[in-house]
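Down below is the structure, laid out as structure tokens.
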Amino acid sequence: MAPYLLRRVLAVIPVMAVVVTIVFLLIHLIPGDPVSVMLGPDATPAQIQGTRQALGLDRPLYEQLLAFYARVLRGDLGHSYFLDRPVTRALAERAEPTIVLMLSALLVAVVIGVPSGIVAAAHRGSPWDRGLMLVSLLGVCVPGFWLSLNFIYFFAVRLRWLPAAGYASVLTDPVGALTYMVLPAVSLGFNQSALIARISRSCMLEVLQQDYIRTARAKGLSPRVVTYVHGFRNALVPVVAVIGITTAILIGGAVVTEIVFNIPGLGRLIISAILRRDYPVVQGVVLVTAAAYVFINLVVDVLYAFIDPRIRYD
Amino acid sequence: MTEAARPTWLRRLARNPSVIVGAAVLLVFVLAAFLADAVSTHNPTRLVPGNRLTPPSAQNYLGTDEFGRDVYSLVIHGSRVSLLVGVTTMLLTSLGGVAVGLVAGYNRRLDTIVMRLMDGLMAFPAILLAIALMAARGPGVWNVIMALSIVYMPRTAILIRSTVLSIRELDYIQAARALGRRDLAIAVRHILPNCVGPLLVQGSFIFAYAILAEAILGFLGVGVPPYVPSWGNVIASGKNVIREAFWVSLFPGAALTLAGLSLNLLGDGLRDVLDPRLRVQ
């Protein structure tokens, strides 16, 4: 296990190096002079020169890149002029809603997805199976942000069951947090539940065709025990990997869902930063979400190797 | 692929229900895009403040938005942007993916470098990388296409690379090499044809992702400029008036869902016919 772990952790280094380089290059993709774009048309040449020096944009590209690496390694993501605080602090202040939204959506996706897939596989070809797979095909194709708007119209505007938008912290107002979080979590998690259902179903079908399942049946065990005890445990292995991928996809989806429901998380932070041309914040959000994505994938790989010993020996 | 084999897979494609339904729905969107001026009932960019937020009626089949624009005509014209972005992104990711994948699969030294770069690009949540690229380049159809092509190209590159790696050790490639064929000739004549199936399947899924991502970027206000009729832009304007007028966001979103569904069906069907190994049971 140890060599596998070490190899897997070391593999993160080149990936993160590329990620940091791409984030660094973003500012150089701005057409024209990035500093004039950032400061707007009213900036004096002296201000432009000052900011250019402060950002180090007057130095050669490789020097800027090395300086950027050094800063990132020190945990310094720059300063937001607009918010007048370090980017890391702005990120920390906005991280909670995004994390809560992601985790709630993940819960929704798993709670709906895994049982649907297992039931569909256990009753392969039945109307249940067909119905669930049809819904899941739709679920994969329905855009989450559009589903959110329809949910708002139906559950908040028409039925008035839930608030249309807003956010309350779990720490200060748990009941409020729950009512605010239901619609965003369901609309964000629904797409992914469809994906998880499809994968769970196909993993389960594969496992149910194996010899040991036939043996268990031949022993006279009830079909229920065979499916849900013998089959389910092994089908779960690839499903864990899919749940990892799902978590990563949810980071991107959360950004969009936050805009629909006015949730003050990282998504709203990056969109408002774009409108204000606050590029250090844009870079910060992208870098942190990519790092989170890489980290989640690492955790999933390690978990996967832990559950399925075959992986470690590859 | 021999000449004799060709009709069989074409016939199997034509018999696959997913392919038929997917292609038929897609054809409707293609026709709508090409004939947009003829089939739309109003000028989609004309503002009629006196006619704002009227529900669906005989004059405005799908109602009007907050500026009095006809939603039906907006949806019809919006399919142009969606299909343009989808098709172009699909072509660019295929071209880029084939080039990168062939190089990586064929050249051991470049392989490591190129694949680290692809891993790095794939380490970003797709939509966030697209948002970041749009933040730098600014709104515009061409910028959307470039951003989405950069975001989705690595998937195709990795697919092509793995296809190349699995084929290059086969006997017939060894035979071609023994006959003195050059690497480039082997890659183009013997390896590339085997990539066509996976590429078509992947292409239809990337087409679907690109249409969805374009709408998301438009919805967030960082895609095509707001005055251009696109599904994402119309849904965004519908968000502001969701309390009074559900139809503004409902119909462009339904078009988006249907387009995504048709491409997913097409992709599933193509995969079943062209690449049965990839089939999910």
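What is the one condition in (1) under 29 Å from B:S249 (Cβ atoms); (2) part of a helix (DSSP H, G or I); (3) in contact (Cβ under 8 Å) with a residue 60 or more places away in the chain that B:E66 does not satisfy?
(2)
Quick one: B:T54 ticks every box in (1) buried (at least 18 other Cβ atoms within 10 Å of the Cβ); (2) within 14 Å of chain A (Cβ to nearest Cβ) except a single one, so which number is it?
So the condition that B:T54 fails would be (2).
Check off (1) under 20 Å from B:L128 (Cβ atoms); (2) more than 10 Å from chain B (Cβ to nearest Cβ) for A:A241 and give me the number that stays unchecked.
So the condition that A:A241 fails would be (1).
Considering every residue within segment A:197-210, establish whether at least one is exposed (fewer than 14 other Cβ atoms within 10 Å of the Cβ) and not acidic (D, E).
The answer is yes; a qualifying residue exists.
What's the number of the only condition in (1) of a type in the set (A, V, I, L, M, F, W, C); (2) touching an Asp or Glu at 6+ places or on another chain (Cβ under 9 Å); (3) open to solvent by 50 Å² or more (accessible area, probe 1.4 Å) that A:L137 fails to meet?
Failed condition: (3).
Here is a list of conditions, (1) without any contact (Cβ under 8 Å) to a residue 60 or more places away in the chain; (2) in contact with a Lys or Arg (Cβ under 8 Å, 6 or more places away or on another chain), and A:V135 meets all of them except one; can you say which number that is?
(2)
What number of residues in segment A:1-49 are of a type outside the set (A, V, I, L, M) and open to solvent by less than 40 Å² (accessible area, probe 1.4 Å)?
5
Go through segment A:148-186 and count every residue that is within 12 Å of chain B (Cβ to nearest Cβ) and open to solvent by less than 30 Å² (accessible area, probe 1.4 Å).
The total comes to 6.
Any idea which of (1) of a type outside the set (F, W, Y); (2) more than 10 Å from chain B (Cβ to nearest Cβ); (3) assigned to a helix (DSSP H, G or I); (4) within 18 Å of B:L220 (Cβ to Cβ) is the one A:V256 doesn't satisfy?
Unmet condition: (2).
Condition first: more than 19 Å from A:L195 (Cα to Cα) and of a type outside the set (D, E, K, R). Now tell me which residues in segment A:218-252 satisfy that.
Those that are more than 19 Å from A:L195 (Cα to Cα) and of a type outside the set (D, E, K, R): A:A218, A:G220, A:L221, A:S222, A:P223, A:V225, A:V226, A:T227, A:Y228, A:V229, A:H230, A:G231.
Enumerate the helices (runs of 4 or more DSSP H) found wholly within segment B:153-265, keeping only those where 2 or more residues are open to solvent by less than 10 Å² (accessible area, probe 1.4 Å), within 11 Å of chain A (Cβ to nearest Cβ) and not β-branched (V, I, T).
Fully inside segment B:153-265 and qualifying: B:192-220, B:231-240.
Of all residues in segment A:204-222, which are free of Cβ contacts under 8 Å to residues at least 60 places away in the same chain and under 24 Å from A:R130 (Cα atoms)?
A:E206, A:V207, A:Q209, A:Q210, A:I213
Out of B:S82, B:S94, report the one residue that is closer than 14 Å to B:L159 by Cα, in a helix (DSSP H, G or I) and under 22 Å from the mean Cα position of the chain (by Cα).
Being closer than 14 Å to B:L159 by Cα, in a helix (DSSP H, G or I) and under 22 Å from the mean Cα position of the chain (by Cα) holds for just one of B:S82, B:S94, which is B:S94.
Could you grab me the full set of residues in segment A:32-84 that are under 26 Å from the mean Cα position of the chain (by Cα) and basic (K, R)?
If the condition is that a residue be under 26 Å from the mean Cα position of the chain (by Cα) and basic (K, R), then A:R71, A:R74 are the ones that fit.
Select from segment A:259-282 the residues that are under 18 Å from B:A136 (Cα atoms), open to solvent by 10 Å² or more (accessible area, probe 1.4 Å) and more than 11 Å from chain B (Cβ to nearest Cβ) and list them in ascending order.
The one that is under 18 Å from B:A136 (Cα atoms), open to solvent by 10 Å² or more (accessible area, probe 1.4 Å) and more than 11 Å from chain B (Cβ to nearest Cβ): A:P280.
Just wondering, is there one or more residues in segment B:136-144 that are more than 9 Å from chain A (Cβ to nearest Cβ), crowded, with 19+ Cβ neighbours inside 10 Å, closer than 21 Å to A:I30 by Cα and under 18 Å from the mean Cα position of the chain (by Cα)?
Yes; the residues of segment B:136-144 include at least one that is more than 9 Å from chain A (Cβ to nearest Cβ), crowded, with 19+ Cβ neighbours inside 10 Å, closer than 21 Å to A:I30 by Cα and under 18 Å from the mean Cα position of the chain (by Cα).
Output the helices (runs of 4 or more DSSP H) that fall wholly within segment A:15-81 and possess 1 or more residues being of a type in the set (D, E) and without any contact (Cβ under 8 Å) to a residue 40 or more places away in the chain, or say none.
By residue number, A:61-73.
Which of the following residues is touching a helix residue (DSSP H, G or I) at 6+ places or on another chain (Cβ under 7 Å) and more than 22 Å from A:V255 (Cα to Cα): A:L91, A:L66, A:L57?
A:L57
Just checking, does segment B:112-135 include any residue being open to solvent by 50 Å² or more (accessible area, probe 1.4 Å), of a type in the set (S, T, N, Q) and either without any contact (Cβ under 8 Å) to a residue 60 or more places away in the chain or part of a helix (DSSP H, G or I) (or both)?
Among the residues of segment B:112-135, at least one is open to solvent by 50 Å² or more (accessible area, probe 1.4 Å), of a type in the set (S, T, N, Q) and either without any contact (Cβ under 8 Å) to a residue 60 or more places away in the chain or part of a helix (DSSP H, G or I) (or both), which makes the answer yes.
If you check A:V288, A:V299, A:V225, which single one turns out to be in a helix (DSSP H, G or I), touching a Leu at 6+ places or on another chain (Cβ under 6 Å) and open to solvent by 30 Å² or more (accessible area, probe 1.4 Å)?
Criteria check complete, one pass: A:V288.
Quick check on my filter: what residues within segment A:10-56 are more than 14 Å from chain B (Cβ to nearest Cβ) and within 16 Å of A:Q283 (Cα to Cα)?
Correct list: A:L55, A:G56.
The values are calculated or read from the model by the stated rules, or taken from the named source; none is laboratory data. Everything numeric in this text was worked out from a predicted model, so none of it was measured. Glycine gets a Cβ as well: all are built from the backbone with ideal geometry, and neighbour counts include every protein chain shown. Just the protein is used for accessible areas: all its heavy atoms, side chains included, with ligands, DNA and RNA removed. Shrake-Rupley method; radii C 1.70, N 1.55, O 1.52, S 1.80 Å.
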